[in-house]
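Enquirer: Okay, here's the structure, questions in a sec.
The values are calculated or read from the model by the stated rules, or taken from the named source; none is laboratory data. As the structure is a computational prediction, the values presented were derived from the model and not from experiment. Counting neighbours? That spans all protein chains shown, and the Cβs are built from the backbone with ideal geometry, glycine included. These accessible areas exclude ligands, DNA and RNA; they are computed on the full protein's heavy atoms, side chains included. Shrake-Rupley method; radii C 1.70, N 1.55, O 1.52, S 1.80 Å.
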Amino acid sequence: MIAGITGVSGNAFALSQPNIDCQSGSICVHPGDFMTYSTEFEKVSSIETYTFGDHIGTDKVSVSITSVLNGTKIQSNNILDLKTGFYNETANGSGLPILVMAPTPINIGKNISGVSEKTQNFIGSQRDVVSVANNTATATNEIGYDKETGVLMYLHLIPKSANAVTSILDVSFPTKYDLINTNMFANSVTQADLQIPSWIKNNAKWWAQGSLTDDDFTKGIQYMVQNGMMKIPHTQSDSSLPHQIPSWVKTSAGWWANGQISDIDFVKGIQYLANSNIIHV
């Protein structure tokens, strides 16, 4: 399977500075952001999930890539350089490019052939998509990115001939990526949409400090959500995500308890726990 598909980036969000905004013209990701794709490569179908974790300094982020193929799960843990857009870097700076994210904002070159903007329905929400299409004698290619977040919505590289490969995008077999799940579009949730009792910050602080167990913290969140004391935006559950609490969730809880990140950023961690079926809400 394709381990990743290209992109370039740069992000000023860091573990030591959790409230720095993403820079214009860079890939903008935060701990807990994930995208899941239905893929086809060399006539083999799979489900691939990209999950972003802790930021490392100001220009790197951990990214977990999970592929589920014929019921078998393969996972790799990588470090993505947000300036170059490469992960699995070697000593000379080369590596694998990641194409599931594009720098934002995405600017449309109106005079460029094949570039257009369209609206796409995604799980009940309307997304503005920037599309780049290339129809040649040998292949029909189209790539679409969500204009707001830079998330890859789809990639379709369809050859017209099994033998003619004349450009970098042309392939001898169909290659497809279609977004089927993400929490990236929950960024539009406003503070008014969230209802979080203020005393939950005590639990988050104790948990981050190690005074509260993982089990007690998740049970507390589950109880509050199920009884209407806390509301979080709904996203689809994803069985391909790791079923254990990653370190960045606890780190984010501590930041939130200390007022370093917003309620919305904290809720991303809770959404991750729900999406990965660590808690059931």
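Enquirer: Looking at the range 233-254, is at least one residue assigned to a helix (DSSP H, G or I), hydrophobic (A, V, I, L, M, F, W, C), open to solvent by 70 Å² or more (accessible area, probe 1.4 Å) and at pLDDT 75 or above?
Expert: First, pick out the residues of the range 233-254 that are assigned to a helix (DSSP H, G or I): 247-254.
From the residues that got through so far, the ones that are hydrophobic (A, V, I, L, M, F, W, C) too are 248-249, 253.
Now restrict to residues that are open to solvent by 70 Å² or more (accessible area, probe 1.4 Å): none.
Checking the range 233-254: not a single residue is assigned to a helix (DSSP H, G or I), hydrophobic (A, V, I, L, M, F, W, C), open to solvent by 70 Å² or more (accessible area, probe 1.4 Å) and at pLDDT 75 or above.
Enquirer: Hey, could you check the range 255-264 for residues that are in a helix (DSSP H, G or I) and closer than 17 Å to residue 203 by Cβ and say which is least open to solvent (accessible area, probe 1.4 Å)?
Expert: Here the answer is 256.
Enquirer: Being open to solvent by 20 Å² or more (accessible area, probe 1.4 Å) and not in a strand (DSSP E or B) is the filter here, so list the residues in the range 50-86 that pass it.
Expert: Matches in the range 50-86: 57, 58, 59, 70, 71, 83, 84.
Enquirer: Residues of the range 118-131 being modelled with pLDDT of 90 or more and surrounded by 13 or more Cβ atoms within 10 Å (Cβ to Cβ), which ones?
Expert: Residues satisfying the conditions are 120, 127, 128, 129, 130, 131.
Enquirer: I've got another one for you. How about the range 87-108: which of its residues are outside any loop (DSSP other than H, G, I, E, B) and either modelled with pLDDT under 75 or open to solvent by less than 70 Å² (accessible area, probe 1.4 Å) (or both)?
Expert: Looking only at the range 87-108, we keep the residues that are outside any loop (DSSP other than H, G, I, E, B), and these are 87, 96-97, 101, 104.
87, 97, 101, 104 - these are the residues of the range 87-108 that are outside any loop (DSSP other than H, G, I, E, B) and either modelled with pLDDT under 75 or open to solvent by less than 70 Å² (accessible area, probe 1.4 Å) (or both).
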